[in-house]
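Data first, discussion second: the structure below is written as structure tokens.
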Amino acid sequence: MSSLSPLPESWTVRKPAVSTSRGIVVSQHTLASKAGAEILARGGNAIDAAVATGFAVGVVEPWMSGIGGGGYMVVYVAEEHKSYAVEFGVKSSERLNPDDYPLVGGTGPDLFRWPTVKDDRNIRGPHSVAVPGMVAGLAQALDTFGTQSWQDLLAPATRLAEEGLQVDWYATLKIASTAMELADFTESRKVFMPQGFVPVGEWAGPLPRIRLGKLTKTLRRLADAGATDFYTGEIASDIVTDAEALGIKLTANDLAGYRPHLSEVERTRYRDAEIDIVPGLTAGPTLRYALAALSDNLSVDTATPQGRAYTAYARSLFDAYDHRLAHIGDIPDTTTSSCTTHINTVDRQGNMVALTITLLSLFGSKVTLPSTGILMNNGVMWFDPRPNRPNSLGPNKRPLSNMCPVVLLRDDGKRFALGGSGGRRIMPAVFQLISFLTDYRMSLDEAIHQPRLDVSGSDTVTLDQAMAEDVLQTISRAHQTQVVPNGVYPNLFACPSVACHDPAEHENTGAAFVVSPQASVWAEPD
């Protein structure tokens, strides 16, 4: 069992769950959660709140998501007792040519040790950009399930963009961690390092703010002209013009032809609960396999998970990833700075949303479009650079992703929306939360603070150093392990969150990721 040096901080961090009789919003940034809660207070439902929060979080946490990215959503409609998946992942351009991504020998830094592509062009820069789906996906969700106007739901994001990004210590850290790469691209350098260096506040002064290029103008246009403008209108024209100038292979046909996918979710049974999982090119099928394995591997005979339970978690996850690699393929975790965000919403009627959106890597491709202020994804990274494989690079393809939003319906009537960010670490976190909530009947506060392990494709089990010593020893006897802190930076675990609707108690509860400084729960105000 190896151990990494602990973080220099010696505090204990807790973030209590929040309960209310009204609606609730959980996200990775407090201003975005607040924006969604205010939509609920104005009569919006959980879907309206999720859409508003999704656009807002892309402004206040631009390194994680934004309109240049994509994602997946599970919508639980209480009146129907059904869930629907909205799939709006990125897609490769019709002009993508695999020959533009020659392998140069050696292996990249990903856990699957995929071959390195020349100049890492599949990971960053113009060649890494794929067709974004976020705008189309959120518009589809709103048109199908929402109640509020498109303009009203974009208003919070537009207002936040007008105010500019407030650069606190966490924003400074995020920009600094990618500054060398951002500096390679003119508009990104102008936006995120406006004075030529990473912005940082004074010790005793107000926090600086930076303008996000022309993003405010783009959001105003998007609100007024509608979602189709992003794909066939003025915004689309600006995107294509910038793409041509920067060497990004996106065409007008790529944008005009993009469509999200809406489907009813097929439920999976796990013990005394049903789980609604996004199908297809996500971590959903692997989660389903892992839960089936856990049913065989775990016998619940203690009040809380002990060493045998965590060993069962590890064994089930190893089995699931072996199956994924053998039958589905997988994607590289080519950077430790995985860039995704997750949102959970629930309204007074019990409608729920689990929404995961992403730019893929931290700051995506690192390329900001000058005419629109859109920070573009690096979705090409999700394709296998080797030819003749299910997930290989190719034109007009959707890649396999790691996102895993789910809705959990327990037989006692409680319902949960959950998910997380963190690349391949997302599914193991969601998997363990499901067990905490079903096998051990933990409260949300207990579940979100319970230490987790990570198994996500390598031979090593990563363990939270907060685990009891006997648990660490039990797992280390069965597996190769490393013990690490679950801290802000570096972060070697996923960043999960969860919301709960309890119809018997007429209560909603939310729990945000604990060690993220901005992640928070906002209850619908009176």
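Just so it is clear, none of the values below were taken in a lab; they were calculated from the coordinates. As the structure is a computational prediction, the values presented were derived from the model and not from experiment. Note: ideal-geometry Cβ built from the backbone for every residue, glycine included; neighbour counts use all protein chains shown.
Taking the range 1-102 as the region of interest, what is the percent of Cα-Cα pairs per 10 angstrom bin, listed from the shortest bin to the one with the maximum distance?
Binned Cα distances yield the sequence 12, 28, 28, 19, 13, 1.
Summing Lys, Arg as +1 and Asp, Glu as -1, what charge do residues with Cβ under 13 Å from the Cβ of LEU138 carry, LEU138 excluded? Working shown, then result.
Details: positive: none; negative: ASP48, GLU87, ASP143.
Once all neighbours under 13 Å are counted, the net charge is -3.
Could you go through the range 451-456 in sequence order and give the Karplus-derived ³J(HN,Hα) for each residue, using 6.51 cos²θ - 1.76 cosθ + 1.60 with θ = phi - 60°, rounded to whole Hz, and x for Gly and Pro?
With coefficients 6.51, -1.76 and 1.60, one gets x, 10, 10, 9, 10, 9 Hz.
What net charge do the residues around MET193 carry, taking every other residue with its C-beta under 15 Å from that of MET193, with Lys and Arg at +1 and Asp and Glu at -1?
My count for the surroundings of MET193 gives +3.
Above 46 Å lies some portion of the pair distances; for the chain, what is it as a whole percent of all C-alpha pairs?
Distances greater than 46 Å cover 6 percent of the Cα pairs.
Long-range amide H contacts for THR340: which residues qualify at under 5 Å (H placed 1.01 Å from N, peptide plane, sequence gap of 5 or more or a different chain)?
Amide H neighbours of THR340: GLY422.
Could you go through the range 368-378 in sequence order and give the Karplus-derived ³J(HN,Hα) for each residue, using 6.51 cos²θ - 1.76 cosθ + 1.60 with θ = phi - 60°, rounded to whole Hz, and x for Gly and Pro?
9, 7, x, 7, 10, x, 7, 7, 8, 5, 10
Out of the DSSP beta bridges found with both residues in the chain, what percent are antiparallel (nearest 5)?
Beta bridges within the chain, antiparallel portion: roughly 90 percent.
In percent, how large is the relative contact order of the chain, given Cα pairs closer than 8 Å and 6 or more residues apart?
Relative contact order for the chain comes out at 27 percent.
Quick check on the exposure proxy: order VAL86, VAL484 from fewest to most C-beta atoms within 10 angstrom.
VAL484, VAL86
Quote the relative contact order of the range 341-417 in percent (integer), defining contacts as alpha-carbon pairs under 8 Å separated by 6+ residues.
Value for the range 341-417: 24 percent.
Quick one: net charge of LEU393's neighbours, Cβ under 10 Å, K/R +1, D/E -1?
Around LEU393, the charge tally is 0.
So for the range 148-239, averaging the separation of alpha carbon pairs under 8 Å that are six or more residues apart and normalising by length, what relative contact order in percent results?
Value for the range 148-239: 36 percent.
Taking H placed 1.01 Å from N in the peptide plane, check which residues at least 5 places from TYR270 or on another chain put their amide H under 5 Å from its amide H.
ILE275
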